[in-house]
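Worksheet: the structure to be examined is printed underneath.
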Amino acid sequence: MSAQGTPNAAGKTTDTPKGAWTVTFLLFLFMVVNFADKIVVGLAGVPIMTDLKLEPEQFGMLGSSFFILFSISAIVVGFIVNKVPTRWVLLILAVIWALAQFPMVGTVSFTTLLICRIVLGAGEGPAFSVAAHAIYKWFPDERRTLPTAILSQGSAFGVILAVPALNWVIVNHSWHYAFGALGVAGLIWVCAWLTFGKEGPLEDTQTLAATEPQIPYLQLLTSRTFLGCVIATFGAYWALSLGLTWFTPFIVKGLGFSQSQAGFVSILPWVFGAAVVMLTGWISQVMMARGYTTRISRGVLGSVPLILGGLILSTMPHVTGAGFQIALLVVGSGLCGAIYVVCPPMLGEFTPASQRGAVLAIYGALYTLSGIIAPTVMGTVIQRAGNMVGGYMTGFTINAVVMVGSGVIGLLLLWPNTEKARLTRGAAPQTAPLKGVVSPT
């Protein structure tokens with residue numbers, strides 16, 4: 001097998017280069033660390049609120065602070081990876097994550113914790129979009145859904161693996177040391193990436209920028225599929241950001257579980273979500289192999305579970321029993337995972353490779369804005385409610401409405417199979433200034 005794959009009749013590479021799955025696994029671990037970093041504040045929410053004497057509204061602000069520079073950083077870095085190899089960008093991001101954790105090992109104030117979370121958010125904002133862009137340099141379009149699912153799985157496994165370990169540290173030692181453990185984990189990944197991480201051979205971004213048709217960013221960012229992806233994933237990320245910040249406090253303070261018990265209960269949405277993500281990736285790839293359009297095998301497949309999840313979540317206030325409520329929360333929020341699998345490949349379908357890093361980053365920057373809003377909304381609702389459980393239920397109802405609405409809009413707008421023809425109509429390829437260069441796509 002050649003390093004760049006075997007071109008088919010249409011001139012597209014169809015083989016997967018050697019080393020593609022090694023890089024995919026390393027980037028899966030990259031996302032494991034990423035989400036372990038995200039979950040630690042929510043997992044340690046009760047002891048943090050107790051030690052620092054925080055009100056629910058303040059804790060909601062702490063959860064939202066992570067996203068203050070998240071979107072800005074994602075956009076800036078997205079344009080950088082159009083020019084700079086993703087290998088080095090990913091390395092720098094991981095170093096920032098690790099260093100942002102260590103100040104919390106000692107005694108800290110609320111302000112220090114807030115600043116460290118803002119810095120961490122700036123480092124993690126571009127993570128998924130840059131990792132997806134890196135993976136797409138290893139896989140042709142028709143084989144990207146499954147690697148995207150594996151990459152997305154890093155979020156679930158980051159929680160599944162980290163929650164029991166970090167909760168043990170929190171219960172038996174201190175929440176401060178949980179942050180330190182994450183800093184060490186980040187540095188270990190940096191060493192592994194320096195050793196084994198490589199740039200994908202299927203695309204040379206600079207060469208493609210000179211040879212492939214360029215589409216104005218305004219057209220890309222106002223296309224219906226781009227808007228549909230942003231809106232649909234906005235609703236899914238609302239649920240995810242609530243899970244990162246408020247799920248464990250809800251289990252402890254709302255339902256009366258101990259911190260030790262909550263550590264195990266907290267992984268349930270992520271276990272279910274992991275199954276949804278992998279199943280979606282597999283089903284999508286099978287459907288495409290059988291000739292279904294990407295409108296069906298990606299757009300519909302991602303949007304419908306989001307709508308169903310919102311409808312399930314909306315029933316929470318109307319049932320009794322902690323077990324039943326947890327089950328509805330797990331299934332309702334877990335179904336959101338389908339949209340993360342299908343949107344990046346849909347955007348990759350019609351975005352020129354030399355512009356894809358920026359488009360994926362802007363997509364990520366926009367949908368993660370719900371991470372700023374959702375935790376603060378929940379904290380405000382809880383603090384102003386007549387009782388704590390009632391406040392949580394109102395917050396989850398708002399979540400359900402957002403999910404259903406965004407899912408319906410996504411279902412209406414996601415038409416990636418016709419987007420490329422419409423956007424490239426009339427666009428002419430640029431003349432390549434390099435001699436002897438063969439475009440890999």
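Among the conditions (1) in a loop (DSSP other than H, G, I, E, B); (2) open to solvent by less than 10 Å² (accessible area, probe 1.4 Å), G310 misses just one, which is (1).
For segment 237-261, taking the residues that are farther than 21 Å from P317 by Cβ and in contact (Cβ under 8 Å) with a residue 24 or more places away in the chain, the one that is most open to solvent (accessible area, probe 1.4 Å) is identified as S260.
Tell me the helices (runs of 4 or more DSSP H) entirely within segment 110-215 that contain at least 3 residues that are open to solvent by less than 40 Å² (accessible area, probe 1.4 Å) and at pLDDT 85 or above.
Fully inside segment 110-215 and qualifying: 110-124, 127-135, 145-172, 175-196.
Residues F250, F257: which one is farther than 22 Å from S152 by Cα and assigned to a helix (DSSP H, G or I)?
Residue meeting the stated conditions: F250.
The set of residues from segment 170-181 being of a type in the set (A, V, I, L, M, F, W, C) and over 26 Å from the mean Cα position of the chain (by Cα) comprises just one member, V171.
Taking segment 354-389 on its own, how many of its residues are free of Cβ contacts under 8 Å to residues at least 40 places away in the same chain, part of a helix (DSSP H, G or I) and not aliphatic (A, V, I, L, M)?
1
Among the residues of segment 276-285, not a single one is outside any helix (DSSP H, G or I) and either hydrophobic (A, V, I, L, M, F, W, C) or modelled with pLDDT under 90 (or both). Annotation for segment 92-108: no member residue is of a type in the set (S, T, N, Q), out of contact with any His (no Cβ under 6 Å at 6 or more places or on another chain), under 18 Å from M61 (Cβ atoms) and surrounded by fewer than 24 Cβ atoms within 10 Å (Cβ to Cβ).
Of everything in segment 318-341 that is touching a Pro at 6+ places or on another chain (Cβ under 9 Å) and closer than 30 Å to K420 by Cα, the residue that is most open to solvent (accessible area, probe 1.4 Å) is L335.
The values are calculated or read from the model by the stated rules, or taken from the named source; none is laboratory data. In this text, all values refer to a predicted model and were calculated from it rather than measured experimentally. Counting neighbours? That spans all protein chains shown, and the Cβs are built from the backbone with ideal geometry, glycine included. Only protein heavy atoms, including side chains, enter the accessible area calculation; ligands, DNA and RNA are left aside. Shrake-Rupley method; radii C 1.70, N 1.55, O 1.52, S 1.80 Å.
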